[in-house]
Amino acid sequence: MTVVERGRDARAIPPPRKWIPGFAGMTKSRFPPSCIFVKLNDQARERDHLVARNDALEPVDVLIVGGGNAGICAALSAREEGASVTVLEAAPRDFRGGNSRHTRNLRCMHAAPTDVLTEAYLEDEYFEDLLRVTGGETNEQLARMTIVASAGCPDWMKRYSVRFQPALGGTLHLGRTNAFFLGGGKALLNTCYAAAQRLGVRVFYDAAVEAFGVDDGLFREATVQRNGTTQTIRAKAMVLAAGGFEANLEWLEEVWGPAARNFIIRGTPYNRGIALKALLAHDVEAVGDPTQCHAVAIDARAPKFDGGIVTRLDCVSLGIVINREGERFYDEGEDFWPKRYAIWGRLVAAQPEQIAYSIIDSKAIGRFMPSVYPAITADAIPELAAKLDLPVDAVARTVAAFNQAVVPGTFDHTALDDCRTRGLSPDKTHWALPLDRPPFYAYPLRPGITFTYLGVKIDARANIMMKSGSPSPNMFCAGEAMAGNILGQGYLAGIGMTIGTVFGRIAGREAARCATR
Amino acid sequence: MRLDELIAEGERVMTVCNACRYCEGYCAVFPAMERRLTFAPADLNYLANLCHGCGECYYACQYAPPHEFAINVPKVLTQIRGASYRQYAWPSGFARLFDRNGLISSLVLAVCLVLALLLASLVSRPTGVLDPPVKPGDFYAVVPHGVMAWAFGLVSLLVVMALVGGFLRFWRESGEGLKTFAQPFALRAALADITKLEYLDGRGAGCTYPDAQQSQARRWFHHLTFYGFLLCFAATCVGTLYHYGFGWQAPYEWLSVPVILGTLGGTGLLIGTAGLYWLKSISDKALADREQNGMDIAFIALLFLTSLTGLLLLGFRETAAMGLFLVVHLGVVMALFLTLPYGKFVHGIYRGAALVRYALERSRPGLTMGREQ
Ligand SMILES: Cc1cc2nc3c(=O)[nH]c(=O)nc-3n(C[C@H](O)[C@H](O)[C@H](O)COP(=O)(O)OP(=O)(O)OC[C@H]3O[C@@H](n4cnc5c(N)ncnc54)[C@H](O)[C@@H]3O)c2cc1C
Ligand code: SF4
Ligand code: SF4
């Protein structure tokens, strides 16, 4: 199978910026003229490597389907091995990068404080955290491998000029477990795309893969929707990195019924699972519960797609949450909000019309992260209920009963305090203060889907497993599309990007070796 | 955009950012924003003057256009900053000088040149400015020292008053007392930021200016301009000291302190301003406020002309052309001085003061909120 003649220069990766004598690594330079030179050269290079709209899809060593974090990491890593690489990204350039655009950090094991992480976070603690959130539904071998490899992720990314926030950055109170990208996921992707283009990776935007040509587990070609036409591209190896199907409204409705119509998709509209479905049709082994998704409660006024992080609401644990009938339905103070927000998606989804309302009074103002949409405000509860178009008497009754059930305690929103209710069903077990100081504020809540769990099964080389039980000779997978191997259920903040980076690197390397063997 | 629309847009954008905070590592704007839950016009003015429009947060923003949230922090803050210059202008009636600033600056320049020429031909020897003076390089034969000292002394005084007036307005709006301004730790912090251009450095990688890739270019051109300006200022001070302190009259030796300082400074200004102009001309228009182009370019141009005419004067001071060069140089410098308080120069005042306020704020406890990871 000689799809591509790999010429000399396919192996010769231009080392970043070194070819200008004396000006190596000058992005970090403080010396003026060189930065100007480098800048101009980079601009020229970026132009060279950007493919024009009408360029044909030429055969390539490694084809990467999906240009999110996992896909770009795979592209960089395949290029490190000397393979020629093409990335197909379904989104236009402005919206490239999938859900990774919306991220802010990745979770990293580390034995000692680093420039981007404080204290230490060791393998066993990391693994226990993972066991806890997944309820044991994980593949220990893959999980531990991911955890150990996560330690090297920040440094690897830094080699491509990715910047992180310093661990001890003055007013910024950053994590022990998670390294934060300076500027967030889009900044990360901008840097990685620039690096990929510098290294000669060809990236096609507006190019959605809709079918695969696979013979007996051997990938031959992909069918692509591009410029309004159907095109094919052949490659010696393929990496699937196209995320889940969370943006596919029809598919969501198939799984969750009509309730899914009221779900909001927090991330990219381009993760429609088309490539995933197409590949699963080729006797590829699936992994992950197709009826599971990660959903959080977000502001109901969020846009249908791509609202990202700003639509979240952090005031739930400071007040009460009622449904359309004006009834409470769950302990709002069970645990700290970051530990609980992921169950509220499903809780709200189970309510009539998939909507709920968080109600707080003025005591809570300033105690939670500000939200992007203004609260609905009133000076009395019945007035607030009327504004929300809820049954006024029922809401008033619920609030009165709640206020009466609050037992005195010492309020502390930074600890699991002793302010709770007694005799309610359900009780609120922490941070319960009577709603009695007007004005009162309400925020509408809806389920917001982060990602789905269905994916393809892989082995430790990121090699896609066939139903027959053997790995495909030349298909690999990384990111959300295989996260189900490690996350049977639940979610650990920051592990999505870790899985994408670790397996992106592995998949890219293995695909390149397979293609250049 | 009308001012109220502009303020509303600033409030909207900052509300989105405050719920997001991904950019908090880039510059002082975001940590300052995080200390607030609402954004009144005074807060926006302060945040706008902390921003230097580097563009990092625009390229990094997942909500930048074409996203429906259409978040463009540099653009709206630049517009608000421009509006704040008018608001703080002292005396208020002169605020209008910021409108069509480029045109006004050019007119001021023309008037100053004509006045300088007139003045010179009136006071100098009747033979006129193009005649070689009796002693080569004798500036005061063309324009007497007294006239120069009085004219520039008076204008400087007015300029300083206007700048101080503007500063006081800015500071009063911040709600801080004058005493707090003089806190040494805050002044030190602001001075360090300014002298190193900390926020144009991007932790070593530079800023996304003039386009999406990081570069140190703007920082270095700004350094050349800023320190060039300071060196020229120092040259003038030393010259004044020589004149009044030691009774040494210009022209000074090629290797004298004022000439060396002035030459270095002038060269820095030439390169720095030319570079800044070049960067500006190729910079990403998506984050710029086109209405401020006139103001920005007028200031850059006057600085450039000041150093160019100064260096020419130095070079030709022993020739017959000296008189003409001197008069032109004095006219340009006068125009620069006159436009200082009503042009781009004021960014230094308000930005400096905003950095002092930022240092003060940081020394106080902020809001404590649960944080999502
Ligand atoms: C709001 C939000 C915040 C998050 N924050 C974090 C965080 O802070 N830390 C963290 O670890 N995780 C976070 N996550 C989860 C994280 O986004 C994912 O785990 C991670 O981005 C997965 O990376 P990926 O490359 O596999 O997928 P994506 O980044 O989604 O990339 C998939 C790419 O494939 C493309 N694509 C899809 N279908 C096709 C097709 N048929 N043909 C071609 N291309 C296709 C898409 O356009 C997209 O660019 C967050 C998710 C959301 C929604
Ligand atoms: S500019 Fe965009 S990414 Fe940055 S803080 Fe604001 S909303 Fe967030
Ligand atoms: S443009 Fe630069 S200085 Fe202005 S807010 Fe954004 S990052 Fe800060």
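The values are calculated or read from the model by the stated rules, or taken from the named source; none is laboratory data. Quick caveat, the model's predicted, so the values are computed rather than measured. With ideal geometry, Cβ positions are generated from the backbone for all residues, glycine too; neighbour counts draw on all protein chains shown. In case anyone asks, the SASA skips ligands and DNA or RNA and just uses the protein heavy atoms, side chains included. Shrake-Rupley method; radii C 1.70, N 1.55, O 1.52, S 1.80 Å.
For (1) away from chain A (no Cβ under 14 Å); (2) among the β-branched types (Val, Ile, Thr), each residue gets a yes or a no:
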position: B:313; (1), (2): yes, no
position: B:320; (1), (2): yes, no
position: B:324; (1), (2): yes, no
position: B:339; (1), (2): yes, yes
position: B:349; (1), (2): yes, yes
position: B:358; (1), (2): no, no
position: B:364; (1), (2): no, no
position: B:367; (1), (2): no, no
> Between a first residue in the range B:251-271 that is without any contact (Cβ under 8 Å) to a residue 60 or more places away in the chain and a second residue that is of a type in the set (Asp, Glu), which pairs have beta carbons less than 8 Å apart while being 6 or more apart in sequence or on different chains?
Replying inline: B:259/B:253
>> Give all pairs with beta carbons closer than 9 Å in which a residue from the range A:479-490 that is in contact (Cβ under 8 Å) with a residue 60 or more places away in the chain meets a residue that is acidic (Asp, Glu) and open to solvent by less than 10 Å² (accessible area, probe 1.4 Å); count only pairs at least 6 apart in sequence or on separate chains.
In response: A:480/A:246
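Taking the range B:55-99 on its own, how many of its residues are charged (D, E, K, R), more than 19 Å from residue B:30 (Cβ to Cβ) and within 17 Å of the chain's Cα centre (by Cα)? Steps first, answer last, please.
Step one: of the range B:55-99, the residues charged (D, E, K, R) are B:56, B:68, B:75, B:81, B:86, B:96, B:99.
Restricting the remaining residues to those that are more than 19 Å from residue B:30 (Cβ to Cβ) gives B:68, B:86, B:96, B:99.
Add one more test, that the residue is within 17 Å of the chain's Cα centre (by Cα), and what stays is B:86, B:99.
The qualifying residues number 2.
Within the range A:393-507, which strands (runs of 3 or more DSSP E) (wholly inside it) include 2 or more residues that are open to solvent by 20 Å² or more (accessible area, probe 1.4 Å) and within 14 Å of chain B (Cβ to nearest Cβ)?
Working: elements: A:440-452, A:463-465, A:471-477.
Result: A:440-452.
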> Filtering the range B:136-194 down to residues that are open to solvent by less than 40 Å² (accessible area, probe 1.4 Å) and touching an Asp or Glu at 6+ places or on another chain (Cβ under 8 Å), which residue is farthest from residue B:226 (Cα to Cα)?
Replying inline: B:137
> Would you say residue A:266 is touching a residue at least 60 places away in the same chain (Cβ under 8 Å) and surrounded by fewer than 19 Cβ atoms within 10 Å (Cβ to Cβ)?
Replying inline: no
>> Just to be sure before I move on: is residue B:18 surrounded by 20 or more Cβ atoms within 10 Å (Cβ to Cβ), in a helix (DSSP H, G or I) and in contact with a Phe, Trp or Tyr (Cβ under 6 Å, 6 or more places away or on another chain) in the structure I sent?
In response: no
> Which residues, counting only those in the range A:331-355, are outside any helix (DSSP H, G or I) and within 23 Å of the chain's Cα centre (by Cα)?
Replying inline: A:336
>> Anything in the range B:31-43 that is in a helix (DSSP H, G or I) and buried (at least 18 other Cβ atoms within 10 Å of the Cβ)? List them, or say none.
In response: B:31, B:32, B:33, B:34, B:41, B:43
>> Residue under question is residue A:223, and the condition is that it be more than 21 Å from the chain's Cα centre (by Cα) and over 30 Å from residue B:360 (Cα atoms); does it hold?
In response: yes
> Quick one: what pairs do we get from the range A:279-292, first residue at positive phi, second at pLDDT 95 or above and part of a loop (DSSP other than H, G, I, E, B), C-beta under 6 Å, 6+ apart or different chains?
Replying inline: A:283/A:467; A:288/A:454
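Every residue, every condition in (1) surrounded by 24 or more Cβ atoms within 10 Å (Cβ to Cβ); (2) away from chain A (no Cβ under 13 Å), yes or no:
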{"position": "B:10", "(1), (2)": "no, yes"}
{"position": "B:26", "(1), (2)": "yes, no"}
{"position": "B:29", "(1), (2)": "yes, no"}
{"position": "B:52", "(1), (2)": "no, yes"}
{"position": "B:62", "(1), (2)": "yes, no"}
{"position": "B:69", "(1), (2)": "no, no"}
> Can you name the residue in the range B:27-56 that is within 10 Å of ligand 2 (Cβ to nearest atom) and out of contact with any Lys or Arg (no Cβ under 9 Å at 6 or more places or on another chain) and, of all such residues, is farthest from residue B:206 (Cα to Cα)?
Replying inline: B:29
>> Can you find, within the range A:248-278, the residue that is farthest from the other protein chains (Cβ to nearest Cβ) among those that are in contact with a strand residue (DSSP E or B) (Cβ under 6 Å, 6 or more places away or on another chain) and either of a type in the set (A, V, I, L, M) or within 16 Å of ligand 2 (Cβ to nearest atom) (or both)?
In response: A:278
> Which residues, counting only those in the range B:232-242, are open to solvent by 60 Å² or more (accessible area, probe 1.4 Å) and in contact with a Gly (Cβ under 6 Å, 6 or more places away or on another chain)?
Replying inline: none
> Taking into account only those residues within the range B:271-299 that are open to solvent by less than 30 Å² (accessible area, probe 1.4 Å) and polar (S, T, N, Q), which is nearest to residue B:82 (Cα to Cα)?
Replying inline: B:292
> residue A:301: open to solvent by 30 Å² or more (accessible area, probe 1.4 Å) and assigned by TED's automatic domain parsing to the domain that holds residue A:371, yes or no?
Replying inline: yes
> Among the residues of the range A:143-150, is there at least one that is within 30 Å of residue B:58 (Cα to Cα), away from chain B (no Cβ under 14 Å), crowded, with 19+ Cβ neighbours inside 10 Å and not aromatic (Phe, Trp, Tyr)?
Replying inline: yes
> Among all residue pairs at least 6 apart or on different chains, which show Cβ distances below 7 Å where the first residue, located in the range B:323-351, is within 27 Å of residue B:53 (Cβ to Cβ) and outside any helix (DSSP H, G or I) and the second is open to solvent by 40 Å² or more (accessible area, probe 1.4 Å) and modelled with pLDDT under 95?
Replying inline: none
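Would you call residue B:49 in contact with an Asp or Glu (Cβ under 7 Å, 6 or more places away or on another chain), at pLDDT 95 or above and under 27 Å from residue B:280 (Cα atoms)? Let's see the steps before the verdict.
Numbers: in contact with an Asp or Glu (Cβ under 7 Å, 6 or more places away or on another chain): no; at pLDDT 95 or above: yes; under 27 Å from residue B:280 (Cα atoms): yes.
In short, no.
Of all residues in the range A:101-119, which are surrounded by fewer than 15 Cβ atoms within 10 Å (Cβ to Cβ) and under 25 Å from residue B:21 (Cα atoms)? So that I can check it myself, show each step before the final result.
Pass one, the range A:101-119, residues surrounded by fewer than 15 Cβ atoms within 10 Å (Cβ to Cβ): A:111-113, A:115, A:119.
Scanning the range A:101-119 gives A:113, A:115, A:119.
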> Restricting the search to the range A:360-392, which residues are assigned to a helix (DSSP H, G or I) and of a type in the set (D, E, K, R)?
Replying inline: A:363, A:383, A:387
> Restricted to the range A:304-326, and to residues that are more than 16 Å from ligand 2 (Cβ to nearest atom) and either part of a helix (DSSP H, G or I) or within 18 Å of residue B:66 (Cβ to Cβ) (or both), which residue is most open to solvent (accessible area, probe 1.4 Å)?
Replying inline: A:304
